[in-house]
Structures are given as C-alpha cells and as structure tokens.
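Here is the structure we will look at.
What follows draws every value from the coordinates through simple rules; no lab data is involved. Keep in mind that this is a model prediction, so the values were computed, not measured. A quick note on method: Cβ atoms are made from the backbone with ideal geometry, for glycine too, and the neighbour counts reach across all protein chains shown.
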C-alpha cells in the first residue's frame, strides 16, 4: 500500500515537473509596414536548430503559443507577398511573453509589379500634387481605371500590382494639362516612367 502511494506521488510530481518546465509561451501581432495586421502569417518557434512549435495568425494578425520550456528561442514569421523575418534569442520564462510591435514584415518586391515614376514641368523641375491615374489597357483599346494617387514633394508616385502580363497607362494631370505613357508588363519587377507636363512652374 505504501509503495502504491509512493509511486502515485512520484507520478504526480513527475507530471507537475513537466507542466512547470513547459509553463512559458509567447504572443504577438504580425504587421505590415503600414501597421495593419497580417492574417494567416506562419509562425515557427525553434531552438537549437529544431522546430518545436508552429502557429498561424488570426484575422487580426495575432497569435499565441504556449507550452514552451524556459530558454531562448528563435521566432520566425512570414506571409505570402512579404519577406520573412526572424527574432533571434527570444528569452522565454514562466508566463506568456508579449513581443509587442517587433513582428513587422516588409513587402517582398519580387512578388509584385511596381509602377513607379516622376512628374516634371517642361523645364525639368519636379511637380508636386499632380493627380496620377493608373489604367489597364484592354486588347480592344478600352481602358479600366485601376488606381489613382498624387505626386509627392519630390514629384514621385508609385503603384503596386499583382504579377501578370498586362498593359498599363499612366497619366499625370495638373490644372487641365496632362501627359500619358503606356507600359507593357511582362513579369514581377519595378517599371519606371517619367511624365513631363507641357507647362512651367510659373504656370501653376
């Protein structure tokens, strides 16, 4: 009887020891550069080169992983369309550690088409505040409006599109004066265009 009780206590303490050893965890929110949470991002927790836990972010970009022993881990995170990131040497102790705003993924430019350029006055100076329109040119010559923006203080603008063969028309307009150029897209890359308005800075 005494042996049975002793064995029972040994089992209880053994499980308690395992539970205590794996009492830590980590949580956080994976974000894009603009601060928005990234849904369905993959989270991997590794230690000494071995993956020990995985998770996927929810619709808000948040995740929580528990059941980690105390120690230091690497936290890797990635999502489609973004470059992968890793936090090295994250120390886990008892309780859930909040990684806060440290999980930020940058855009993987290799997965997108970027149409970038600048707007100039005819004397060559940059145009600020010109409306820039991006249209898709169909095979029959008709166009479909895709996006619009305004040139910044350096006269620059940028549009991001999914990869794929297409023809786009970029039009800059200021005070009724406009300039357009067509760009043929073949693959994910950065395509640049310069638009010069037939007006001078003094005409503003």
Debye equation applied to the C-alpha atoms of the range 20-98, log10 I(q)/I(0) at 0.22 Å⁻¹: -0.98
Taking N as its residue count, the alpha carbon Rg of the range 145-189 over 2.2 N^0.38 Å: 1.28
Radius of gyration, Dmax [the chain; alpha carbons; angstrom]: 27.2, 102
The range 109-203: radius of gyration and largest Cα-Cα distance (Dmax), Å: 13.3, 41
Whole-Å semi-axes of the range 92-150's equivalent ellipsoid (Cα gyration tensor): 41, 20, 11
Between the range 57-79 and the range 116-152, the alpha-carbon center distance in angstrom: 42 Å
Zone residues, the range 163-204, relative to residue 123, backbone N less than 13 Å from point 7 Å out along Cα-to-Cβ: 199-204
Debye log10 I(q)/I(0) for the range 61-130, one point scatterer per Cα, at q = 0.13, 0.28 Å⁻¹: -0.59, -1.29
Sorted peptide list for 70-79, 112-121, criterion being average Cβ within 10 angstrom, highest first: 112-121, 70-79
Translational diffusion of the range 34-74, µm² s⁻¹ [Kirkwood Rh, Cα pairs; Stokes-Einstein; 4 °C; 1.567 mPa s]: 115 µm²/s
For peptides 26-35, 41-50, 135-144, sequence by mean Cβ density within 10 Å, most packed first: 26-35, 41-50, 135-144
Degrees, to the nearest 10: 2-21 long Cα axis against longest axis of the chain: 20 degrees
Potential lengthening between residue 51 and residue 143 on full extension [0.36 nm per residue; Cα-Cα distance subtracted]: 28.1 nm
